[in-house]
Structure formats: C-alpha cells, structure tokens
Amino acid sequence: MNGLTALVLLPAFAALLTRLAPTAEGARRAAIAGALATLLASLLVVASFDLGAPGMQMEWAGAVVPWARMQWHVGVDGLSVVLLPLTSLIGVATTLGLPRQSMNRASLAATLLTVSATLGLFVTLDLAWLAVFWLVRLAPGLDLIAATPDPDLRRHVRRTWWVFLVAGSAPLFAAVIALGVLGNRAGLAAPFDLVQLTAMGVPRAWQLALFPALVVAVGMRMAVVPFHGWMSVLLEHGPPGVALLITGAHVALYAIARIILPLLPDACAVGMGPLMIAALLCALYGSVVALAQDDLRRMVAYLAVSHAGLMAGGLASMNAQSVAGSLLQSVASGLSLTGLLIIIRALHARTGTSHMDDHGGIARSAPRMSVFFLLFGLAAVGFPTTITYVSEDLLLHGVLDAHPLMAVLLLLATALNGITLLRAFFRTFMGPPPRGAPGGVDDLVPRERAVAFLLTTSIFLGGLYPRPLLEARQPVVAAIVSRDAHRAPHGH
Amino acid sequence: MTPALLARAIVAVPAWPLAAAAALGAWWALVGKPSERVTARVVVGSLGLQLASAVCALVAFLWGGGNAVHIRSGRWFEAGAYGFELTFLVDALSAPLVVLAALLTFLVAWFSVRYLHREPGFFRFFTLLAVFAAGAGLLFGGGSYDILFIGWELVGLTSALLIGFFHERRTPMRAALRAITTYRVCDIGLVVGAVFIHDVAHGAAYVEAFGPAPWPHGTLHASAPEATLIVLCLLVAASGKSALLPVGTWLPRAVEGPTPSSALYYCALSVHAGAYLLLRSTPFLRASTVGAACVAAVGFGSAALASMIGRAQVDAKGAIAWASMTHVGLIVAEIGLGFPRVALVHLVAHALLRTWQMLRAPSWLHDELALRAAADGAPLPTGSFWQAIVPARALDALYRLAYDRFFFETAQQRYVAGPVLRLGRYLDRAERRWVEAVGAWHPPAAPPDSARPSAMNTRVEEAQHEP
C-alpha cells in the first residue's frame, strides 16, 4: 500500500481504537498515540520528499470505481507536503493539549477522524474524492454538537453548521460534478482526475460559470466576509476539539491553489482583481471587529477572519512574493491560532470564562501560560523572528508591487491585529486579579506545556529558517505566476 | 588582521545578548527560573562582550581611516526577485552609536543588579534587557532599513513589556498599552517608507539607497516628490518611537516602569531611535525641502510644547521625561534644518546626561535639597526669563494648558481611538444579530457592562490627572 494512503488511514484507525478501548484512560492513550504516530508518519513523508522538484511525488493510482468514476489517485507536491505535518501537529495539539474535560472519548475520536479526512483531502488528486473529504471533515463535528447541554445553543450551533458549512459545500459539489461531466465528454478514463483535467484545460465559458461557485464554496470555508458568520459561533459555542481543526483556513487556501488557479486561469485573470480588494477589505474588517471584542474566543475568531482575508488577498495578487507569502501565512496562521486557542481553552477550563475582564493577575500565578500566550500572540501578528513575519513581509512586497493602495489596508489590518492581541494580553494576564478570585490560576500542566513548546518551536524555527518551506512551494508559485503571466494580455 | 575584518565584530554586537536571552529562555522553559546571580552574570557578561565587540567595530572604523565598512551575511529568505539581505554597516553614524548603546546598556544592567535585588521580576527584567540589547544592536548597527525595522520592533516590544513591569497595578498596564498602540500605528510609516525605498532604490540597504559616499553625503536615485513621501513616512515612524508631539504623550506615562529601564529606553536609546532613523535618511532630507521643513517644524513644535509641559510637572521622573522629549525635539529640528553632525553630537551628549539624571531620580530629593542649600534656600531662578517676557494672563493660560498636556491625549481618545472602537462594537453587534437570526437563537440577557470591573477602560478624566 502506498505510504500516503497509510498516512490517511492511520488516524482513522486510531479513532476506531479510541472508540473500542475498554476504559476512558485507554481511549485517551490510544488517541494520543495515534495522533503522535500520524505526526511521525507525516514527518517521514516530508523527509522522503525531494524539495524543489516540480510535479507530483509518491504518486499512486488505483483502479477507477465503475459507476462513480472516482479514482483513488494520491500524490504530494510542494503545496501539500508542508500541510501534512501541519495538520498532524494540530491534531496532536488538539488531542494532547486541550482540557481533559472537553476531550472525552467521542471528541478524541472525532478529532482523529477529522485529521484523517483532512489528510485525505490534501493527498488526493481526484476531485470527487476531494469533494467527499471536504464534506466528511464536517461529519464528526455534527456528532459532537449533539452533546451540547443547552438545547437552544445546540440548535443555534447546529443550524450554523448546516447553513454555512454543509450547505456552503454545495457549490463545490456542483462545480466538481460539472468538471466530471467535462472530463467524461473529453473521454478521460478518470474524469475527476486533477492532473488530467489540468493538462486538458477547461473551456473559457465553463471557467466563468464555475469560478463564482468555487469562490463561494472556498469563501465559506475560509471565513472571508461575508461568509464568516460561522467562525465566531463555532469558536465561542462549538465543540472545542473539532472547532480547532475546522477553522483551518489552509484547507480552503489549498483548494484555491489546487483547483481554482490551475483549472480556471482565464476566469482568474478576470476575477482575481476584485477578489483581492474584497479580501483585503475583509482583513481590515476582521481586525476592526477583533479590536472591539471582550471575549477571547471571539477575538481569535475575528483574527482568523482577518488572516483569511490576508491570505486570500495575497493569492489573488498573483505575483511570486505575495503567493509565496500567502501560502506560508496559512502555515503560520494555523500554528499561531491553534496555540492561542489551546491557551484560551486551558484558561477557560480553569476559570470557567473567556471574558477578558473576568481575568487578571494571571502572570503571577501562571507565568508559563502568560508567556506562551504572548509568544503565540506575537506569532499571530507577525513579530520579527516568527514565521508570520516572513509571510507578511512577502505578502506586503507582493501586494505593494501589484496595487500600492491596497497595501495600506494590509498594513492597517496587521497594525490593528497587533494592538488587539497585546491589549488582550494585558487585560487578561496582567493587571490586578479580579475581585471574586484573588487566588490565581493554576499554571499549565506538563502535557499542555509540551504542546505549547512544540508549537512555539515550530513557529520560531520556521521564522528563523524559512528557506525549506519557501523552497518546497517554489515550483507551485512559479506555475501560478507563469500561468497568469501567460494570460496577462487577455486578462488585465 | 585588517580593519575590514575587525569591523565584522559588529555582527557579534546583537548576537551576544540574543544568545544570552535564548539561553535564559531555554533554561526557564526546561529547568526552572535561574537564580539572581546566574541571571545577572549571564546577562551582564553578554553585555560586556557586546561592548567589547562594539569597541572593536569602532576601532576598526577609525583604523581604516574613517571608511565605511559594509558587511553582508547572506540572505535570510527570498521569493521571486525579492530577497531579505542580512547586512551590517560600520560608518561614522553607526559606530559611535553602537558603542554608546552597548556602553549605556552595560552600565544600566550593572546598576540594575543592585537596584533590582530581591525584586520578584528580576529574571524577567534581565531577559527583556538582553532582548532589547540585541534589538538596539540591530537597529544602530544594521545595514538596511529592513534590519533596522527588526531591531525597532524588538526595542518596541521590550519597551512595552518593561513599562508594564509592575503588572499587579492598573496604571502601568494602561501606560504599556498606550505605548504599544502608538508604536504599532506609527510603525506603518516605517514599513511603507521602507517599501518605497525598496522601489526607488531597488534595495533597502543603505549602500544601495545612498551609494558609496560616506554619511551624511549620499547620491539619491529618487526625485524630490518621492523623497518627500519617504521623509514624511519616516517622520511618522520617528514621531511614534521618539515621542514627538502630538503622538508622543505615551512617554511620560512610560516612566511607570523600573527606573533603570526608564533611563535606558526613554533617556538614552529607544527615544533616540527615531532621531537615528532620520539621521540615517539625511540624503532624503537633503533632496526634499518640504520634507525637511516638516521635520524641523515637528521637532521645534514638539520641543516648545514639551518644554512648557515639563515645567508643570510635579514629580521628578515625569519632569525628566518631558525634558528628554524637549531635547529629542531639538535634535529632530536640527536634523530637519540640515545639521546632521550637530544633531549626532547633541544626541550622544543628551543620552549620557539624561541617563545619569534618570538613574539619580530616586535620589532626587537629596539632590534638590543640596541644590537649595547651595542657593541659600531661595527658589531656583529657572524660567525667570520667560516670566519677564510673557504677560501674566498668558502665563496662566499656558500653565493651564501645560497642566492638561495640551489636550493631546483627549484628542487622541476622542477622535482616533474612540471612533475605531465604536465602529468595531457596532459591527460586532450587527454580526451577533444576523448570526443569531440565522441560528434562531436568543442569548440569555447578559449582565450590564458596569457590573464587570474593566481594568482597561481608558477613561479620559482619570487618565488626564494621573502622574
């Protein structure tokens, strides 16, 4: 069996073990072991990957399923190979780092299944399988929402889930089916195969029809304005484990880079300009609303919206620096926002609230928690020596080359994000302790510390030595930019 | 050993304290908080090594006959045609300032070992000091605007964290937030300026932008309008960091931190960083009369207003802070008028004097009494010149304005911070309403906001009359 297929099945298998384990403690151990094994396996994949070589590696194609014409065709290139350890790392952070009380057997299994579906999404080269995984990622979460005690809140979260996430995937399905029909007409053996579809090319009229559908689907998942409503609901009220994985904008960004940009270049040449402006306005919108937040989880939700805007804007600018920066930003944002959420959940588990004004004076009783929150916060806003600084520097240079005025939006958004996070840090962790609870808060336990340390090390290592990450993506960036340059006389 | 080789010591200047900070951080994360003695030895030792490296660079510069040495250390990262170069520059501007920075940091650290003995935040203070020293080394010794920016950010962050050093109280937290907000907003100017310089000069390194001519001369490839735009952007950035009015009202509040850090940041180094930025950009100022005029106007205005406000202060550290702002305003004005060497000498002299004054501030009462004894008990004749010239009613009005710091902070709160926060809250309410409509959910009535003691409500009336 192909190594990539094994990687996808590993967390699913661990989820099964978690469900079947006789005791709760055994379930927890199985889940953590499964998550760590997945991380190790993904690092093995990265280690055997040839940086800088264009095209797919570790490809494996199975037989075509007769009636659905889907094919299990897997492979990785520079775009997806970095996302595999990222997803596994977030999976480890979720299973190991979140509070025990919120990570019961069901949550752990759901997390592992979501990791499995996400990894499948990244390695598959078949559009039908991609759409399936896109939807399947959501299924475990629905299961967990059912466990919410308050019935009104349960209905609220479930409805949000259905409307935004599930229904929001419908355009993607429509587009995939349309592309399958196209592939079938062209006589391809596997009509959903991405590699063959890209080589074949899509007619211009089809492109212009599919572009809005795909943009809506991706926008929903990435939480760009105006599709972002679900992010705050999910992070504030949703099940913690799965929320962490669902909010990853890197999946949506991957979809843009894998589907929209290669398959719809003509439509991109027309549509990316207005999209860039919309995305950067979204970034500014997210940062302004984040500034006004009093609840830590909602603040992170709107920071995620702001980041999503930055990433989408960077990709839409379609030059080498901004595309490279945008792809790197997805990694950076994933790591830093996960870290922030882990700390916030830890704090919530200890004090029962995430409201900033209900806290204070934590720096004295829980210095490690405070320091890690500060480091993750700095990582989220692009402080030098973090990986976000590299990505935002590249984004800025790219956007400024393309549209100077838009760069002002980007800078304002990042400045406001910085103020938001530091304000949150000062309000929550410093200052006098609240009147009702002068005793202070317990510091991070060793497993939480280990997770935070792991994430922080990745952020700073990536920040100080970003070369491998950028080199891995270089062929993809070059392909995107050259495709656009080829189109330029027709498009702009 | 050639001068060029010895000048490479400048790369070690930020490296020593950065290594010390990393080592201390790793020790804390993995083992536990080290003792005062270990912390002090590691940090002061690294700062001593930093000073030695800085002196080597200065000696190399002088030995080489005063020729600038440009050192390239490779590329940090690159994408497409753009790459981030790691460069350092030893020239007539950076060499003395790097030595000044290293010397003052070393002295203040040595002083702090005794001053902060038994202080619970001892370890935190020294780690932040080490990070600051690395940032200052990058800021003053860096060879491009990008490296300067990294040092600038490190200095800004450690500055805010040290203002909030006594974090059990509210006032230092608010002061720290004020500082960081001003820094973040004004740093937009630096980023925009640096990117414009990239475009204009095809590189942000000083030798690329200004050519091989020694500072303060330089050949520019920019037209006058481009130079004006760049100067204005850099002026915004310098106003934030060097506390030029009208955005500089954060500085007198920043003396909430421990005295040694107040001395090092707001009298010695951080406050002159903006002036250094403008000094380094002298060729742009020479190419743009409008820009230089703006710089001079802001400098003079800031100095005049700060001087008046300083006279209405009632505490020693506050008075010294405003005095520091006055002189920084004068230095910036000198730069704007086209006297960079005068400004540099003024900067060095001011840093030394003001640091000494601030370190002695806790003994201010002792000094004041000695001074009055020497004057036979009569009040000291400062300001009598102005009192003779300005009419009494005007003096009263000016005093009133000075006491309220010319309402700059009120204006900032009412016209800048307030509207942005209100917009954010309005958008948040709109968001909640439509998301709840989708989910058909009505949240339980939240407790009124006044029931929550908010530590960070920046009430204008409260803020105005705090020391």
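Scanning segment B:253-286 for residues that are open to solvent by 10 Å² or more (accessible area, probe 1.4 Å) and under 20 Å from B:Arg405 (Cβ atoms) yields B:Arg253, B:Val255, B:Glu256.
The set of residues from segment A:306-323 being of a type in the set (A, V, I, L, M, F, W, C), facing chain B (nearest Cβ under 10 Å) and either open to solvent by 10 Å² or more (accessible area, probe 1.4 Å) or closer than 20 Å to A:Ala415 by Cβ (or both) comprises just one member, A:Ala320.
Among the residues of segment A:271-297, the one identified as within 17 Å of the chain's Cα centre (by Cα) and either over 27 Å from A:Ala213 (Cβ atoms) or surrounded by fewer than 24 Cβ atoms within 10 Å (Cβ to Cβ) (or both) is A:Arg297. If you go through segment A:408-464 and pick out every residue that is open to solvent by less than 30 Å² (accessible area, probe 1.4 Å), outside any helix (DSSP H, G or I) and among the hydrophobic types (A, V, I, L, M, F, W, C), you end up with 3. Restricted to helices (runs of 4 or more DSSP H) entirely inside segment B:298-402, those with at least 2 residues that are crowded, with 22+ Cβ neighbours inside 10 Å are B:316-337, B:340-359.
For every residue, the table says whether it meets (1) part of a loop (DSSP other than H, G, I, E, B); (2) under 23 Å from the mean Cα position of the chain (by Cα); (3) charged (D, E, K, R).
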| residue | (1), (2), (3) |
| --- | --- |
| A:Gly52 | yes, no, no |
| A:Met58 | no, no, no |
| A:Ala61 | no, no, no |
| A:Ala68 | yes, no, no |
| A:Leu79 | no, yes, no |
| A:Leu89 | no, yes, no |
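Where helices (runs of 4 or more DSSP H) sit wholly within segment A:137-247, those with at least 2 residues that are within 12 Å of another protein chain (Cβ to nearest Cβ) and not basic (Lys, Arg) occupy A:151-160, A:229-237.
Checking A:Val76 against (1) more than 20 Å from A:Leu130 (Cα to Cα); (2) touching a strand residue (DSSP E or B) at 6+ places or on another chain (Cβ under 9 Å), which single condition isn't satisfied? Of the numbered conditions (1) more than 20 Å from A:Leu130 (Cα to Cα); (2) touching a strand residue (DSSP E or B) at 6+ places or on another chain (Cβ under 9 Å), the odd one out for A:Val76 is (1). Across segment B:142-175, the number of residues qualifying as open to solvent by less than 20 Å² (accessible area, probe 1.4 Å), more than 9 Å from chain A (Cβ to nearest Cβ) and over 21 Å from B:Val200 (Cβ atoms) comes to 8. Among the residues of segment B:75-85, those identified as of a type outside the set (A, V, I, L, M, F, W, C) and open to solvent by 30 Å² or more (accessible area, probe 1.4 Å) are B:Arg75, B:Glu78, B:Gly80, B:Glu85. For segment B:405-426, check the following and say yes or no: at least one residue is within 30 Å of A:Thr160 (Cα to Cα), surrounded by 13 or more Cβ atoms within 10 Å (Cβ to Cβ) and β-branched (Val, Ile, Thr). Taking every residue of segment B:405-426 in turn, at least one turns out to be within 30 Å of A:Thr160 (Cα to Cα), surrounded by 13 or more Cβ atoms within 10 Å (Cβ to Cβ) and β-branched (Val, Ile, Thr). Residues that are facing chain B (nearest Cβ under 9 Å) and open to solvent by less than 20 Å² (accessible area, probe 1.4 Å) within segment A:398-407 comprise A:Gly398, A:Leu400, A:Ala407, listed in sequence order. Within segment B:67-92, being within 30 Å of B:Arg354 (Cα to Cα) and in contact with a helix residue (DSSP H, G or I) (Cβ under 6 Å, 6 or more places away or on another chain) holds for B:Phe88, B:Leu89, B:Val90.
Criterion first (within 24 Å of B:Phe77 (Cβ to Cβ), modelled with pLDDT of 85 or more and more than 8 Å from chain B (Cβ to nearest Cβ)) does A:Leu395 satisfy it? So A:Leu395 passes the test.
Filtering segment A:364-383 to residues that are open to solvent by 20 Å² or more (accessible area, probe 1.4 Å), within 9 Å of chain B (Cβ to nearest Cβ) and under 21 Å from A:Phe460 (Cβ atoms) leaves A:Pro367, A:Arg368, A:Val371, A:Leu374. If we scan segment B:24-33, do we find a residue that is under 30 Å from A:Ala324 (Cα atoms), aromatic (Phe, Trp, Tyr), outside any loop (DSSP other than H, G, I, E, B) and within 14 Å of chain A (Cβ to nearest Cβ)? Within segment B:24-33 (the criterion being under 30 Å from A:Ala324 (Cα atoms), aromatic (Phe, Trp, Tyr), outside any loop (DSSP other than H, G, I, E, B) and within 14 Å of chain A (Cβ to nearest Cβ)), the answer is no, since none of the residues qualifies. Here A:Ala139 meets each of (1) modelled with pLDDT of 85 or more; (2) within 19 Å of the chain's Cα centre (by Cα); (3) open to solvent by 10 Å² or more (accessible area, probe 1.4 Å) with one exception, condition (1). Determine, yes or no, whether A:Val115 is surrounded by fewer than 24 Cβ atoms within 10 Å (Cβ to Cβ) and assigned to a helix (DSSP H, G or I). Against the criterion (surrounded by fewer than 24 Cβ atoms within 10 Å (Cβ to Cβ) and assigned to a helix (DSSP H, G or I)), A:Val115 does not qualify.
Per the listing A:Val195, A:Val176, the residue uniquely surrounded by 14 or more Cβ atoms within 10 Å (Cβ to Cβ) and in contact with a strand residue (DSSP E or B) (Cβ under 8 Å, 6 or more places away or on another chain) is A:Val195.
Residues considered: B:Ala26, B:Ala15, B:Ala20. Of these, the only one that is in contact (Cβ under 8 Å) with a residue 12 or more places away in the chain and either surrounded by fewer than 21 Cβ atoms within 10 Å (Cβ to Cβ) or farther than 15 Å from B:Phe106 by Cβ (or both) is B:Ala15. For segment B:86-137, taking the residues that are open to solvent by 50 Å² or more (accessible area, probe 1.4 Å) and among the charged types (D, E, K, R), the one that is nearest to the other protein chains (Cβ to nearest Cβ) is identified as B:Arg124. Considering segment A:91-111, and only residues there that are of a type in the set (S, T, N, Q) and in a helix (DSSP H, G or I), the residue that is surrounded by the most Cβ atoms within 10 Å (Cβ to Cβ) turns out to be A:Thr111. For segment B:165-222, give me each residue that is in a loop (DSSP other than H, G, I, E, B) and either in contact with a strand residue (DSSP E or B) (Cβ under 7 Å, 6 or more places away or on another chain) or hydrophobic (A, V, I, L, M, F, W, C) (or both). Across segment B:165-222, the qualifying residues are B:Phe165, B:Phe166, B:Ala204, B:Ala213, B:Trp215, B:Leu220, B:Ala222. Scanning segment A:232-243 for residues that are over 18 Å from A:Tyr302 (Cβ atoms), touching a Gly at 6+ places or on another chain (Cβ under 7 Å) and open to solvent by 10 Å² or more (accessible area, probe 1.4 Å) turns up at least one hit. Scanning segment B:418-434 for residues that are more than 12 Å from A:Val289 (Cβ to Cβ) and either at the interface with another protein chain (Cβ under 7 Å from one of its Cβ atoms) or more than 38 Å from the chain's Cα centre (by Cα) (or both) returns B:Arg433, B:Trp434. Taking segment B:234-251 as the range and being under 24 Å from B:Asp199 (Cα atoms) and either surrounded by fewer than 24 Cβ atoms within 10 Å (Cβ to Cβ) or among the polar types (S, T, N, Q) (or both) as the test, the residues that pass are B:Val236, B:Ser239. Within segment A:324-355, restricting attention to residues that are surrounded by fewer than 24 Cβ atoms within 10 Å (Cβ to Cβ) and within 12 Å of another protein chain (Cβ to nearest Cβ), the residue that is farthest from A:Asp295 (Cα to Cα) is A:Thr353.
The values are calculated or read from the model by the stated rules, or taken from the named source; none is laboratory data. Remember, predicted model here, so these are calculated numbers, not experimental data. We place every Cβ from the backbone using ideal geometry, glycine too, and count neighbours over all the protein chains shown. Calculation scope for accessible area: heavy atoms of the full protein, side chains included, ligands and nucleic acids excluded. Shrake-Rupley method; radii C 1.70, N 1.55, O 1.52, S 1.80 Å.
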